[in-house]
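Peer 1: Here's a structure for you.
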């Protein structure tokens with residue numbers, strides 16, 4: 001059992017080490033934070049969505065912005081469209097599960113918003129459809145995915161985690177999300193300690 005635990009930690013560290021050594025990935029993280037902060041400055045919001053564990057990540061990251069990440073500061077406009085069970089079940093029933101996020105993007109999204117789409121496989125049909133809906137509304141798309149999948153091709157920026165296992169990808173996604181939240185706080189409130 002101890003070796004299984006060590007192997008898991010090693011896989012997670014390896015994925016994060018590869019990210020750390022990728023200058024393009026790091027530059028894009030900065031760009032993502034800037035895009036989100038600019039949207040907020042323009043009175044827009046950051047919208048998050050994902051399935052399963054990624055839905056929890058979406059909720060977690062939206063809460064970091066609406067509540068706080070590291071610092072007490074004004075609330076930042078953000079929403080996870082994974083939380084409204086009435087909307088999810090009604091849309092799923094009436095239009096199909098593939099539409100549960102696209103329909104919400106169509107109704108709640110505004111031009112200039114940022115949509116952070118999370119799909120470990122990069123192929124979740126409801127996330128892909130939500131990206132399509134975001135495109136129709138002129139919403140900037142930031143994807144969080146694994147190394148493969150369609151999300152990489154259709155996002156404005158995509159953080160494709162270089163790891164073969166779902167757990168390692170998801171562990172890196174929350175790190176990436178935290179980095180973006182930290183950047184947004186720093187860019188919006190320059191009087192915060194670093």
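Peer 1: Is it the case that some residue within the stretch 48-63 is crowded, with 18+ Cβ neighbours inside 10 Å and more than 23 Å from residue 166 (Cα to Cα)?
Peer 2: no
Peer 1: Just to be sure before I move on: is residue 50 more than 18 Å from the chain's Cα centre (by Cα) and closer than 20 Å to residue 134 by Cα in the structure I sent?
Peer 2: no
Peer 1: Give the stretch 83-106 a look and list any residue that's out of contact with any strand residue (DSSP E or B) (no Cβ under 8 Å at 6 or more places or on another chain) and part of a loop (DSSP other than H, G, I, E, B), or say none.
Peer 2: 83, 84, 96, 100 - these are the residues of the stretch 83-106 that are out of contact with any strand residue (DSSP E or B) (no Cβ under 8 Å at 6 or more places or on another chain) and part of a loop (DSSP other than H, G, I, E, B).
Peer 1: While we're on this one: Does the stretch 158-174 hold any residues that are more than 18 Å from residue 29 (Cβ to Cβ) and either under 13 Å from the mean Cα position of the chain (by Cα) or outside any helix (DSSP H, G or I) (or both), and which are they?
Peer 2: 164, 165
Peer 1: Then there is this: I'd like the full set of residues that are in a helix (DSSP H, G or I) and surrounded by fewer than 24 Cβ atoms within 10 Å (Cβ to Cβ), limited to the stretch 132-157. Give the steps one after another, and end with the answer.
Peer 2: Here is the first cut: in the stretch 132-157, the ones in a helix (DSSP H, G or I) are 132-136, 151-154.
Within the stretch 132-157, 132, 133, 135, 136, 152, 153, 154 qualify.
Peer 1: Taking the conditions exactly as written (out of contact with any helix residue (DSSP H, G or I) (no Cβ under 7 Å at 6 or more places or on another chain) and surrounded by fewer than 21 Cβ atoms within 10 Å (Cβ to Cβ)), does residue 86 satisfy them or not? If you could, list the steps in order and put the result at the bottom.
Peer 2: Working: out of contact with any helix residue (DSSP H, G or I) (no Cβ under 7 Å at 6 or more places or on another chain): yes; surrounded by fewer than 21 Cβ atoms within 10 Å (Cβ to Cβ): yes.
Yes: the conditions hold for residue 86.
Peer 1: Restricting to the stretch 110-131, what's the tally of residues that are within 22 Å of residue 171 (Cβ to Cβ), in contact with a strand residue (DSSP E or B) (Cβ under 7 Å, 6 or more places away or on another chain) and outside any helix (DSSP H, G or I)? First the steps, then the outcome.
Peer 2: Start the filter on the stretch 110-131 by keeping residues that are within 22 Å of residue 171 (Cβ to Cβ), which leaves 116-124, 127.
Filter once more, keeping what is in contact with a strand residue (DSSP E or B) (Cβ under 7 Å, 6 or more places away or on another chain): 116-122, 127.
Now restrict to residues that are outside any helix (DSSP H, G or I): 116-122.
The total comes to 7.
Peer 1: Identify, from the list 143, 177, 107, 122, the residue that is more than 17 Å from the chain's Cα centre (by Cα) and within 15 Å of residue 49 (Cα to Cα). Even if it seems obvious, please write down each step before you answer.
Peer 2: Values: 143 fails: more than 17 Å from the chain's Cα centre (by Cα); 177 fails: more than 17 Å from the chain's Cα centre (by Cα); 122 fails: more than 17 Å from the chain's Cα centre (by Cα).
The conditions single out 107.
Peer 1: Please give the number of the condition residue 66 fails out of (1) surrounded by 13 or more Cβ atoms within 10 Å (Cβ to Cβ); (2) in contact with a helix residue (DSSP H, G or I) (Cβ under 9 Å, 6 or more places away or on another chain).
Peer 2: (2) is the only condition that residue 66 fails.
Per-residue answers, yes or no, for (1) in a helix (DSSP H, G or I); (2) under 19 Å from the mean Cα position of the chain (by Cα):
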residue: 4; (1), (2): yes, no
residue: 7; (1), (2): yes, no
residue: 19; (1), (2): yes, yes
residue: 35; (1), (2): yes, yes
residue: 39; (1), (2): yes, yes
residue: 43; (1), (2): no, no
residue: 58; (1), (2): yes, yes
residue: 61; (1), (2): yes, yes
residue: 68; (1), (2): no, yes
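Peer 1: Checking residue 181 against (1) in contact (Cβ under 8 Å) with a residue 24 or more places away in the chain; (2) out of contact with any strand residue (DSSP E or B) (no Cβ under 8 Å at 6 or more places or on another chain); (3) surrounded by fewer than 24 Cβ atoms within 10 Å (Cβ to Cβ); (4) part of a helix (DSSP H, G or I): exactly one of these is not met. Which one?
Peer 2: (3)
Peer 1: Sticking with this structure for a sec: Being touching a helix residue (DSSP H, G or I) at 6+ places or on another chain (Cβ under 7 Å) and part of a loop (DSSP other than H, G, I, E, B) is the filter; apply it to the stretch 70-82 and report the residue that is surrounded by the most Cβ atoms within 10 Å (Cβ to Cβ).
Peer 2: 81
The numbers here are math on the coordinates, done by the rules we state, and not lab data. Only a predicted model underlies this, so the values are computations on that prediction, with no experimental measurement involved. Note that we place each Cβ from the backbone using ideal geometry, even for glycine, and neighbour counts take in every protein chain shown.
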